[in-house]
Amino acid sequence: MQKQIEALFANPPAQYSAADHALFASFKEALNAGSVRAAEPDPAALSGWRVNPWVKQGILLGFRLGAIVDMSIDAARQPWFDKATYPVRKIAPDAGVRIVPGGSSIRDGVYLGRGVTCMPPMYINVGAWVDDGTMVDSHALVGSCAQVGKSCHISAAAQVGGVLEPVGALPVIIEDEVLLGGNTGVYEGTVVKRRAVLATGVILNRSTPIYDLVHGTVHAATDTDPLIVPENAVVVAGSRAVSRGKGAEWGISLYTPVIVKYRDSKTDEKIKLEDYLR
């Protein structure tokens, strides 16, 4: 499948054939089943993850293959038009996934583990992986190709950014047992390691270094490596004083994420409510 998708992506025909559509359908079934994914664990990599560019190529191929069709439930009251290749995902009751009524949407080509809970309204985009026991709360987004681990809580209005292009770029990674607080945002291939906690309002991307007050270090992305949030880190929204020019004269401070502690029994007790919601 990989070789076929790479070849079709690199050499698009004047018109796609029935065989091309069948190839994409098989690829999308593999995404839904979790047998292929946009990124996967790799102990040899600094981030612990490696990207699978051919999977992203397959997802982009779906947009090329698909014609825009009417997907409206009620064309007069709420018209919807999208690519025929990406309808909403079909989920059977025995899949063990809870999708609470109220306006949520999960695009086809998403892996959902058992025990995933989706609170309305939320959205999960194509290529995402959401593992067992994770809760995606109201108004939350899990973007294209984002990888979310087991027993995470993506809190209300949290944004896990999508990274579909360039195909070689690492998507956002949220490892097991991570808590993303309300109104947090994780973007541009950031890796949040296991059991980390992002407090309300924390925003992370390649241009936001994290100041670790516990160890006296600074975590930052490089030209080749993503921003990595350490395992068990508790990150809050902080600020740094501008030390030069008008910023210093006016007493201005700029936003910066800060590690104030590492997860312990007290932290676990505060977030225990998640277990009762599943």
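On the first, second and third principal axes, largest extent first, how far apart are the outermost C-alpha atoms of segment 90-267 in Å?
60, 40, 28
Please work out the FRET efficiency for the pair ILE203 and LYS261, using the Cβ-Cβ distance as r and a Förster radius of 22 Å; give the result to the nearest 0.05.
0.65
Between beta-carbons, use under 13 Å as the cut-off and find the net charge around PHE9, counting Lys and Arg +1, Asp and Glu -1.
Value of the local net charge: 0.
Would you work out which of ALA25, ASN125, VAL234 lies farthest towards the positive end of the dipole of the chain? Charges go on Cβ: Lys and Arg +1, Asp and Glu -1.
Comparing the listed Cα positions along the dipole, VAL234 ranks first.
How far is it, in nm, from the label point at ARG98 to the one at THR217 when both lie 7 Å from their Cα along the line to the Cβ?
In this crude spin-label approximation the distance works out to 3.8 nm.
Helix 18-33 sits at what angle to the longest principal axis of the chain, using alpha carbons and giving 0 to 90 degrees rounded to 10?
Its long axis makes an angle of about 40 degrees.
Report the number of Lys pairs in the chain whose alpha-carbons are under 25 Å apart, with separation of 8 or more residues or on distinct chains.
Eligible lysine pairs with Cα atoms under 25 Å apart amount to 23.
Readers should treat all values here as calculations from the given coordinates under stated rules, not as data from a laboratory. Note that the coordinates shown come from a computational prediction; the quantities given were computed from them, not determined experimentally. Cβ coordinates were reconstructed from backbone atoms using ideal geometry, including for glycine residues, and neighbour counts include every protein chain displayed.
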